[in-house]
Amino acid sequence: MSTPKYPETEQIRSHIRERYGAIAEQADESCGCHASGSCCGKIESYGAQLGYTMEQLTSAPEGSDLGLGCGNPLAIASIKPGETVLDLGSGAGFDCFLAARQLAGTGRVIGVDMTPGMIVKARANAVKSGYANVEFRLGEIEALPVADECVDLILSNCVINLSPEKQRIFSEAFRVLKPGGRLAIADVVATDPLPAALSTKLESIGACIGGAALAGDLRAMLLHAGFTQIEINERVGSRDLINQWTEDDRAGDFVVSALITACKS
C-alpha cells in the first residue's frame, strides 16, 4: 500500500492564492463560490443558511459578500463601541463592513488577506460605501502585518482551515490581541480523520474541506498558543451544505462547520 503524497506548504499557498484571486475577479457573484460545478443559490439564501440576518446581508456593500463563509462569526463576537477588530482572511470585506456597522463610527476594523485581488476589491468596496474606519492590508495570517497587543477582537470566516500552519496563526492571533482580547471564528472542523482522497487534493483543500483539523487538535493548538475559555460548537446540520462545496459528496461525512471562541487572559 503506497503512502499518500501530501502537497507541500508552498504548493497549498500558491493554489489558494490563485483560486481566490480568480474568485475576486469573477464578474458573476450570484452564488457562493464554495460550490463546485453548480450554483448554491443566491447570496442571500446562502448567507441565511450560515446564520446571517437579512439586515446584515442587505446592508453590506454590493460585491463584498462572495459567498465564501461557513458561518457567521459576528453572531458570537459581542462587538463593543471603540474596539479594534481584525479579520483574518478578509476577502472582499463582508465581515469587516458588518463589524464596522456595529461599531457605528467608533473604533476601527482591519482586514488582512494574502490575495492581492481580494485586497483591491475590498478597498474599492470601502471607498464606494464610505467606510472610513475600515482598512485592508496585504499579508499572510501566519505572519500578521499588525503590531503586538493592539487588537480587541479577531474574526475569521472559513479561512484558517486553508492554512497548513494553523499553529502559527493562533500564535500570531495571541500576539496581536490585547490582554482580555478574544477570538470569534467560524470555520470547518473534521469530525473524523479525513481520508487521503480528501486531504491530499489541492482542489479539496481549496474548497475548505481537505485542510480541516479535528476539533481536539484545534483546541490543543489554541491552548498551546496561550488561549483560555475555548469553546468549539459544531454545527452538525451543516453537513448537507458542505456536500455542495466539492464534487465529492462524502465531504459532509467528515467535516462540519463550527463556531469557535477563545480568550487571551
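If you scan segment 108-137, which residues turn out to be surrounded by fewer than 21 Cβ atoms within 10 Å (Cβ to Cβ) and within 20 Å of residue 185 (Cα to Cα)? If the condition is that a residue be surrounded by fewer than 21 Cβ atoms within 10 Å (Cβ to Cβ) and within 20 Å of residue 185 (Cα to Cα), then 108, 135, 137 are the ones that fit.
Of everything in segment 196-228 that's farther than 22 Å from residue 12 by Cα and touching a residue at least 40 places away in the same chain (Cβ under 8 Å), which residue is surrounded by the most Cβ atoms within 10 Å (Cβ to Cβ)? Steps first, answer last, please.
The first filter runs over segment 196-228 and keeps only residues farther than 22 Å from residue 12 by Cα, leaving 216, 219-220, 222-228.
Those still in the list that are touching a residue at least 40 places away in the same chain (Cβ under 8 Å) too: 222, 224-227.
Values: 222: 25, 224: 12, 225: 20, 226: 16, 227: 22.
Applying the filter and picking the extreme gives 222.
Candidates are the residues of segment 91-107 that are more than 15 Å from the chain's Cα centre (by Cα) and either buried (at least 24 other Cβ atoms within 10 Å of the Cβ) or not charged (D, E, K, R) (or both); the one that is nearest to residue 17 (Cα to Cα) is 100.
Surrounded by 22 or more Cβ atoms within 10 Å (Cβ to Cβ) and more than 19 Å from residue 15 (Cβ to Cβ): which single residue out of 147, 173 fits that description? Explain how you work it out, then say what you get.
Numbers: 147 fails: surrounded by 22 or more Cβ atoms within 10 Å (Cβ to Cβ).
Checking each option against the conditions leaves just 173.
Can you pull out every residue in segment 236-245 that is in a loop (DSSP other than H, G, I, E, B) and in contact (Cβ under 8 Å) with a residue 60 or more places away in the chain? It would help to see each step written out before you state the result.
Narrowing segment 236-245 to residues in a loop (DSSP other than H, G, I, E, B): 243-245.
Answer for segment 236-245, where residues must be in a loop (DSSP other than H, G, I, E, B) and in contact (Cβ under 8 Å) with a residue 60 or more places away in the chain: 244, 245.
Criterion applied to 32, 67 was being part of a loop (DSSP other than H, G, I, E, B), at pLDDT below 90 and closer than 27 Å to residue 200 by Cα, and the one residue passing it is 32. In this structure, residue 214 qualifies as more than 13 Å from residue 70 (Cβ to Cβ) and of a type in the set (A, V, I, L, M).
Residue selection: residue 101 satisfies the criterion of being charged (D, E, K, R), out of contact with any Gly (no Cβ under 9 Å at 6 or more places or on another chain), assigned to a helix (DSSP H, G or I) and modelled with pLDDT of 95 or more.
The values are calculated or read from the model by the stated rules, or taken from the named source; none is laboratory data. Fair warning: this is a prediction, and the values are worked out from it, not measured in the lab. Here the Cβ is made from the backbone with ideal geometry for all residues, glycine too, and neighbour counts use every protein chain on show.
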